[in-house]
1. Can you find even one residue in segment 43-53 that is surrounded by 10 or more Cβ atoms within 10 Å (Cβ to Cβ) and either more than 18 Å from the chain's Cα centre (by Cα) or not in a helix (DSSP H, G or I) (or both)?
2. Between a first residue in segment 17-29 that is assigned by TED's automatic domain parsing to the domain that holds THR47 and a second residue that is part of a helix (DSSP H, G or I) and among the aromatic types (Phe, Trp, Tyr), which pairs have beta carbons less than 6 Å apart while being 6 or more apart in sequence or on different chains?
3. State all residues of segment 1-41 that are of a type in the set (Gly, Ala, Ser) and surrounded by fewer than 10 Cβ atoms within 10 Å (Cβ to Cβ); if no residue qualifies, say none.
4. Are any residues in segment 1-31 part of a loop (DSSP other than H, G, I, E, B) and under 21 Å from THR47 (Cα atoms), and if so, which ones?
Amino acid sequence: MIPTGKGAKRPAEDYHLSRYACYLIVQNADSEKPIVALGQAYFAVQTRRQELADQLVASPEDQKRLILRSEMAVFNQQLAEAARNAGVIRPQDFAVFQDHGYMGFMEECAGTTFMSFEPDKNGESLCHQPEKFGNE
């Protein structure tokens, strides 16, 4: 029930729209309204995400590797910060901390079903790829 102009209430119908219909409505609505501005921002972010994902899929293997390495650098910085917050302060301690992470990864590769030493569709083992450990 929604209120009408004179204080009465009337039933309102619910509509289920596709994502594309929502996109068209939000893009053509008044951006001065906060809910419309929020919707436009949402679709702008989602569009950019999809563009980046499509770009990564279309990239040659060397380009993908560089992109993934740059992402890994960010994750390593986050790991270093988490280690620092956990009390790992000296560089030697961090080296041990990181080594244990690699050993845990290798144990995971050997002992779980989601990642195994079996070759993938390209005939390469996921755990034996030198790229995973930066040994190239």
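The values are calculated or read from the model by the stated rules, or taken from the named source; none is laboratory data. Predicted, not measured: the structure shown is a model, and the values here were computed from it. Because the Cβ atoms are built from the backbone with ideal geometry, glycine has one as well, and the counts that use them run over all protein chains shown.
1. No; the residues of segment 43-53 include none that is surrounded by 10 or more Cβ atoms within 10 Å (Cβ to Cβ) and either more than 18 Å from the chain's Cα centre (by Cα) or not in a helix (DSSP H, G or I) (or both).
2. Listed pairs, sorted by first residue: TYR23/PHE43.
3. Of everything in segment 1-41, those that are of a type in the set (Gly, Ala, Ser) and surrounded by fewer than 10 Cβ atoms within 10 Å (Cβ to Cβ) turn out to be GLY5, GLY7, ALA8, ALA12, SER18.
4. Passing the criteria: LEU17, SER18, ASN28, ALA29, ASP30, SER31.
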